[in-house]
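Reviewing the structure listed below.
Only the coordinates and a few stated rules stand behind these numbers; no lab work does. All of these numbers come straight from a predicted model, not from anything done at the bench. Note: ideal-geometry Cβ built from the backbone for every residue, glycine included; neighbour counts use all protein chains shown.
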């Protein structure tokens with residue numbers, strides 16, 4: 001039998017980007033540990049997914065343009 005969830009959480013862009021970039025690692029890791037330990041289900045809305053993809057792609061484009069300029 002599946003353990004019932006303690007709640008639901010919708011993750012914001014800042015949490016995802018903090019995890020990817022390893023920024024504010026204490027708070028981010030605490031959040032994910034708390035989620036794991038309490039059994040809270042986490043979801044990402046399509047708008048947050050789009051925002052993350054846009055920020056990541058913009059950053060990659062910037063890095064690519066910078067490298068092309070340098071080399």
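Here are a few things to note about the model shown:
- Among the residues making up region 25-71, those that are touching a helix residue (DSSP H, G or I) at 6+ places or on another chain (Cβ under 7 Å) and part of a helix (DSSP H, G or I) are 28, 31, 48, 51, 52, 55.
- Taken together, the residues in region 27-45 that are loosely packed, with under 10 Cβ neighbours inside 10 Å and more than 13 Å from the chain's Cα centre (by Cα) amount to 1.
- The residue pairs whose first member lies in region 53-71 and is within 18 Å of residue 13 (Cβ to Cβ), whose second member is surrounded by 10 or more Cβ atoms within 10 Å (Cβ to Cβ), and whose beta carbons are closer than 7 Å, counting only pairs six or more residues apart or on different chains, are 55/17.
- Test: residue 14 is surrounded by 10 or more Cβ atoms within 10 Å (Cβ to Cβ) and touching a helix residue (DSSP H, G or I) at 6+ places or on another chain (Cβ under 7 Å): no
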